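Asks: What follows is a structure written as C-alpha cells; I'll ask about it next.
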Amino acid sequence: MSNPTSPSQAIEDYAKAVYALGLERPGHRVPSGEVATRLGVTPATATAMLQKLAELGLADYIPYKGVSLTPAGEKVALEVVRHHRLIEAFLAEALGMPHDRVHAEAEVLEHYISEDLEALIAAKLGEPSHDPHGNPIPGPDLAPPPPTPPGAMP
C-alpha cells in the first residue's frame with residue numbers, strides 16, 4: 001500500500017498468510033509453525049512478527065496456541081487479497097499474460113498499488129468477482145468473499 005501510515009509489506013504478508021491459513025480451519029487459531037512454513041521463515045521469525053501484529057491490534061496471538069486475526073487484521077489481509085486478485089485479473093484480461101505467470105507478478109505488485117489504481121483496475125474490468133484462478137475477489141467494502149472453490153489458488 002502506498003501511504004506511509006499503511007502496514008509494511010511484511011505485516012501485509014503475515015496478515016494475508018494468517019487469513020489464508022485460517023480459511024482452512026474456520027473458528028480455530030492458526031499454529032505459528034504453519035505461518036512460518038507458508039512464508040518460508042524460521043518459527044522464531046514468525047513468532048516475533050505475530051507478536052508484532054498482536055501489539056498493533058491486528059492479531060490475537062497466544063504462545064503455543066496460535067494466532068487469529070482481529071477485525072482490523074482481517075481488513076488488512078482482505079485489502080491485500082483484493083489487490084492481488086485484481087492485479088491477476090488485470091494482467092490476464094487486459095494484458096494477456098498467461099495465467100501461470102500472473103500469481104508471481106501479483107505477489108510483488110499487491111503491496112504497491114494505490115487505492116485510486118485499485119479502483120481504476122476494478123472499474124476497467126467491470127468489478128470482477130473472481131480472479132483468473134477462480135478465487136473470489138473481495139469487494140470494495142472488503143467483506144470476506146465466499147469460500148474459495150476446491151482446486152483454486154489461495
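Laboratory data are not the source of any read-out in this text; all were calculated from the coordinates shown. Note that the structure is predicted; figures quoted are calculated from it, not measured. Glycine gets a Cβ as well: all are built from the backbone with ideal geometry, and neighbour counts include every protein chain shown.
Asks: Would you kindly state how much longer the chain becomes between Glu127 and Ala143 on full extension, computed as 0.36 nm times their sequence separation minus their alpha carbon distance, in nm to one decimal? Let's see the in-between values first.
Replies: Working: separation 16, 0.36 × 16 = 5.76 nm, distance 1.43 nm.
The Glu127-Ala143 span can extend by a further 4.3 nm.
Asks: When the dipole is taken about the Cα centre of the chain, and only Lys, Arg (+1) and Asp, Glu (-1) are charged at their Cβ, what size is it in debye, to the nearest 20?
Replies: It comes to approximately 500 debye.
Asks: I need to check one value: relative contact order of the chain, counting alpha carbon pairs closer than 8 Å and at least 6 residues apart, in percent.
Replies: Numbers: 207 pairs, mean separation 34.0, N = 154.
Once divided by the residue count of the chain, the mean separation gives 22 percent.
Asks: Could you tell me the relative contact order of the stretch 74-124? Use alpha-carbon pairs under 8 Å, at least six residues apart, and round to a whole percent.
Replies: Relative contact order here is 44 percent.
Asks: Roughly how many debye, to the nearest 20, is the charge dipole of the stretch 9-70 about its Cα centre, given +1 on each Lys and Arg Cβ, -1 on each Asp and Glu Cβ, and no other charges?
Replies: Working: 6 positive and 6 negative charges, 25 e Å.
Its charge dipole is roughly 120 debye.
Asks: If each of Ser8 and Lys75 carries a label point 7 Å out from its Cα toward its Cβ, how far apart are those two points in nm?
Replies: Each label point lies 7 Å from its Cα, and together they span 2.2 nm.
Asks: Give, as ranges by residue number, the residues of the stretch 9-30 whose backbone N falls under 17 Å from the point 7 Å along Cα→Cβ of Leu95.
Replies: Under cut-off, by backbone N: nothing.
Asks: Which one, Val18, Ser114, Ala72, projects farthest toward the positive side of the charge dipole computed for the chain from Cβ point charges (K/R +1, D/E -1)?
Replies: Of Val18, Ser114, Ala72, it is Val18.
Asks: Here's a follow-up. Report, please, the projected area of the stretch 9-70 averaged over directions, based on the convex hull of its C-alpha atoms, in nm².
Replies: Average projection, Cα convex hull of the stretch 9-70: 3.5 nm².
Asks: Now, a different point. For Thr42, Thr37, what's the fewest-to-most ordering of other Cβ within 10 Å of each Cβ?
Replies: Thr42, Thr37
Asks: Taking neighbour counts of Cβ atoms within 10 Å as a proxy for exposure, in what order, fewest first, do Tyr112, Tyr19 appear?
Replies: Tyr112, Tyr19
Asks: Report, in degrees rounded to the nearest 10, the 0 to 90 angle that the Cα long axis of helix 9-23 makes with the longest principal axis of the chain.
Replies: Result, in degrees: 90.
Asks: Here is a follow-up. I'd like the trypsin sites (Lys or Arg not before Pro) in the stretch 56-130 restricted to DSSP loop residues with at most 12 other Cβ atoms within 10 Å, sorted by number. Don't skip to the answer; put the middle values down first.
Replies: Details: sites: Lys65, Lys75, Arg82, Arg85, Arg101, Lys124; in loops: Lys65.
Answer in residue order: Lys65.
Asks: A further question on this structure: If you stretched the chain out fully between Ile62 and Leu117, how much longer would it get, using 0.36 nm times the residue separation minus the C-alpha to C-alpha distance?
Replies: Roughly 16.1 nm would be gained on extension.
Asks: Starting from the Cα of Lys124, draw a straight line to each of the aspartates and glutamates and keep only those under 20 Å, dropping any in the same chain fewer than 8 residues away.
Replies: Filter leaves Glu79, Glu88, Glu93, Glu105, Glu110, Glu115, Asp116, Asp141.
Asks: A follow-up question, please. If you take the square roots of the eigenvalues of the alpha-carbon gyration tensor of the stretch 74-124 and sort them as a ≥ b ≥ c, do you get rounded (a/c under 1.5), prolate (a/b over b/c) or oblate?
Replies: The shape class here is oblate.
Asks: So for the chain, Kirkwood radius off the Cα pairs, Stokes-Einstein at 10 °C and 1.306 mPa s: how many µm² s⁻¹?
Replies: So the translational diffusion coefficient is about 101 µm²/s.
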